[in-house]
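Chemist: Once you've had a glance at the structure underneath, I'll fire off some questions.
Where a number appears in this text, it was derived from the coordinates with a stated rule and is not lab data. In this text, all values refer to a predicted model and were calculated from it rather than measured experimentally. Heads up, the Cβs are rebuilt from the backbone with ideal geometry, glycines too, and the neighbour counts pull from every protein chain shown.
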Amino acid sequence: MQKLSLLEALKAKFPESSSNTLREWIKQKRVLVNSLTALKASDQVLPTDHIALEKKTAHLQGGLKIVYQDSDIVVVDKPAFMLSVATEFSDDLSAHCILKRHYFKKRVYPVHRLDKNTSGLLVFALNATAKEGLKSQFKNRSLSRNYLAIVHRKLEEEKGTWKSFLSEGPDLKMRSSQVDSEGVLAITHYKVIHTTKNLSLLDIKLETGRKNQIRIQALDNLSPLLGDKKYKLMDDNFPRLALHAYRLQFTHPTQKKTLCFKSLFPRELQDIIDVRVIIGEEAISLQMG
């Protein structure tokens, strides 16, 4: 089967668009080939490859992307290595700081966080009413969050639930116990969607949202996250934490409609597990690399 350049394939798929426009789409990382971000116009593709164009999003400082905004809320896709909110221990750039500069005429309220090394979806409120509405959904667990994670070890069971009581030590690390007086209950549901000889790709759904919950409970069960330097059970050289918040669903705090957002699994994580993770309307599917 004869290959052609990505630019040629795009010209056939979008004949009304100029070559400059097509190249700009690639530069903006909006073009996906088999659910992977295309990098160059000269990349070779097959006629059977699935080529898609992501919706245009606002790209802010540091690679932060706005995927939805209205007068009450903003949903962003945070890259790894960016803080969600600034801390007294670090002056690194945070998603919250970037949004405060972008919405300089508004207040921006954080309502939840992702670890610095975790990528994926975050929602911020743009007024006090929206903040309280979102916070109440986190408190009563009506908001739904899913993550994709790559862990060490081939898990044999298809799905399961991790339950433990978490507390924070003086070193700011979380500790896990099966004794209820030694922490706050944390519940994590997981489903194995792909395995290799030494790794497992998990679809994780949080029932509670404690600090470092997924990382410490994965370690508890002898399946630490790939690239986890904070709670490492073994050394690995992977440069980032293999954890991505790919799905976020909640009720709009003022409009009262259900909103659901999904974020593409980052390319560097897809490559390490050697499958293409396709996030469809109803479920995750896989395409072998």
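Chemist: Taking springs between alpha-carbon atoms closer than 10 angstrom, which of Gly63, Gly169, Gly209 fluctuates most in the Gaussian network model of the chain?
Modeler: Gly169
Chemist: From the Cα gyration tensor of the range 206-289, with a ≥ b ≥ c the square roots of its eigenvalues, which class applies: rounded if a/c is under 1.5, or else prolate if a/b is larger than b/c, or else oblate?
Modeler: oblate
Chemist: Something else now. Have a look at Lys229, Lys105, Lys139 and tell me which one the Gaussian network model of the chain (Cα, springs below 10 Å) gives the largest fluctuation.
Modeler: In this elastic network of the chain, the residue with the biggest mean-square fluctuation among Lys229, Lys105, Lys139 is Lys105.
Chemist: Pick from Lys256, Lys65, Lys135: which residue has the top mean-square fluctuation in a GNM of the chain where Cα pairs under 10 Å get a spring?
Modeler: Residue with maximal mean-square fluctuation among Lys256, Lys65, Lys135: Lys256.
Chemist: Can you give the Rg to Rh ratio of the range 1-55, both from alpha-carbon atoms, with Rh computed by the Kirkwood formula?
Modeler: 0.91
Chemist: Can you tell me the alpha carbon radius of gyration of the chain divided by the globular rule-of-thumb value 2.2 N^0.38 Å?
Modeler: Taking the Cα Rg and dividing by 2.2 N^0.38 Å, one obtains 1.06.
Chemist: Where the only charges are on Cβ atoms (+1 Lys, Arg; -1 Asp, Glu), what is the dipole of the chain about its Cα centre, to the nearest 20 debye?
Modeler: Working: 46 positive and 32 negative charges, 161 e Å.
Computed about the Cα centre, the dipole is about 780 debye.
Chemist: Give the total of Lys-Lys pairs in the range 149-289 with Cα-Cα distances below 19 Å; include a pair only if its members are 8 or more places apart or on different chains.
Modeler: The number of close lysine pairs in the range 149-289 is 20.
Chemist: Would you work out if the range 142-289 is rounded, prolate or oblate? Take a ≥ b ≥ c from the square roots of the eigenvalues of the alpha-carbon gyration tensor; rounded if a/c is under 1.5, else prolate when a/b is larger than b/c, oblate otherwise.
Modeler: oblate
Chemist: Enter the Cα centre distance for the pair the range 259-286 and the range 3-55, rounded to the nearest angstrom.
Modeler: Cα centres, the range 259-286 to the range 3-55: 19 Å.
Chemist: Can you compute the helix-only [θ] at 222 nm over the chain? Use -39500 (n - 2.57) per DSSP H run of at least 4 residues, normalise by all residues, nearest 500 deg cm²/dmol. Kindly include the intermediate steps, with their values, before the conclusion.
Modeler: Numbers: 6 runs with 53 residues, N = 289.
Roughly -5000 deg cm²/dmol at 222 nm, from the helical runs in the chain.
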